[in-house]
Structures are given as structure tokens and as C-alpha cells.
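Peer 1: Sharing a structure here in C-alpha cells format.
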Amino acid sequence: MRFWLNLSAWIDALTEQTGQMVKWLVLMAALVSAINAGLRYGVGLGSNAGIELQWYMFGGIFLLGSGYTLKHRGHVRIDLLHAHLSPRAQAAVEMLGTALFLMPFCVLMVKLSWPVFYEAWSTGEMSPDAGGLPRWPVKLLVPAGFAMLALQGVSEFIKAAVLFKSPAPKV
């Protein structure tokens, strides 16, 4: 049991560090957006690379922040039903949802998106727009984000299993 709890704590720490980095990415995306708008409308200098960089950062925020959001229970849940269940029943629902829905979806997304990233990386795929950026970094965000979400799903499953296995409180 100690191994699984240590693994869960390690995953939680990794997710927390990733989430803290993603928070800075939000600020950077806002700054890049403001600079792009200022240059475009202030002095008439537009940049496809700047616009694409905003898109890349938004993708990074969304995809790399999904595990952090799961860890902090920020995803949509059916709280109306969940709140009326006992802690053990909540843990059972958590384990079933993770095993039947979250993990298969994450594995499928990593499996389907990795070849897309690899092809972009191996061919040096570039944006079709003049002055655009390489495409492989943004395509890497998809498998990386879903792998991080799956890792956090493992941690949440472990915590739910520990809760499920704990003895019921005496009434």
C-alpha cells in the first residue's frame, strides 16, 4: 500500500509543478496577445508567428493544465448525485469513472496523437502561413497533455481505492 501512496504523492507533486508552470503560461499568453495587438494596431506590424504563438500557448494551457484541474477537482462532475452518496460509494464511482472512461480515453488520445506529432517532427512540418512557426511543438502538446491527465487519473484512482478499502466509520 505504501508504494501506491508514494506513487500517488509523486504524481500529485509532478502535476502541481506542471500546473504552476501553466499558470505562468497564462500570463505569457496575455502579454504576447497585448504586444501583438499593440504592434498590429499601433504601428501596423502584424506577425503570423506571434498569432500562432498565442494559439500554441492556449493549447499548452488547456492540455497541460487538465491534470492540474483534475487534481484540484475543477472538472465538471455530477455533484447533485455525488453529494448524496457515502464516501465509499463516491470512491467507487470515482474508480469506475476513471477506469471505464478517463483512462481509455486518455490512452486512445495518446495513441492517436503520437503518430501525428512524430510525422510533424520527422518531416520538419512548418506552418503554411508566411513567417509561421514549426508545427511539431503544438502537436506534441496533445499526447503530452493526455499523458499528464492519465497520470493524474492514476493518482486519483489510487486515492479513491485507499478510501474505498478503509473501514467504514462506526456509527
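Peer 1: What list do you get for 123, 15 if you sort them by fewest beta carbons within 10 Å?
Peer 2: 123, 15
Peer 1: Students often forget the sequence filter, so: which aspartates and glutamates lie under 17 Å Cα-Cα from residue 23 once same-chain residues fewer than 8 apart are removed?
Peer 2: Qualifying aspartates and glutamates at Cα under 17 Å: 12.
Peer 1: Compute the FRET efficiency between residue 125 and residue 31 as 1/(1 + (r/R0)^6), taking r as their Cβ-Cβ distance and R0 = 41 Å, and round to the nearest 0.05.
Peer 2: Working from the Cβ atoms, E equals 0.95.
Peer 1: Just to be sure I understand, if you calculate Kirkwood radius over Cα pairs in Å for this structure, which of (1) 18.4; (2) 16.4; (3) 17.3 do you get?
Peer 2: It is the value labelled (1).
Peer 1: Okay, which of the range 116-134 sit inside 18 Å, backbone N to the point 7 Å along the Cα-Cβ direction of residue 39?
Peer 2: It comes to 127-134, nothing else.
Peer 1: Report relative contact order for the range 2-165 in percent, whole number only (criteria: Cα-Cα under 8 Å, sequence separation at least 6).
Peer 2: On the way: 175 pairs, mean separation 58.3, N = 164.
So the answer I get is 36 percent.
Peer 1: If each of residue 9 and residue 24 carries a label point 7 Å out from its Cα toward its Cβ, how far apart are those two points in nm?
Peer 2: According to this spin-label approximation, the distance is 2.6 nm.
Peer 1: Where does each of 150-163, 62-75, 33-46, 128-141 land if you order them by average Cβ count within 10 Å, highest first?
Peer 2: Order by mean packing, descending: 150-163, 62-75, 128-141, 33-46.
Peer 1: List the residue ranges in the chain for DSSP H helices whose C-alpha atoms run 20 angstrom or more along the long axis and whose Kyte-Doolittle average is 0.5 or above.
Peer 2: Membrane-span-like by this rule: 2-42, 48-64, 103-123, 136-165.
Bear in mind that the values in this text are calculations on the coordinates, not laboratory data. In this text the structure is predicted, and so the values were computed from the model without any measurement. Note: ideal-geometry Cβ built from the backbone for every residue, glycine included; neighbour counts use all protein chains shown.
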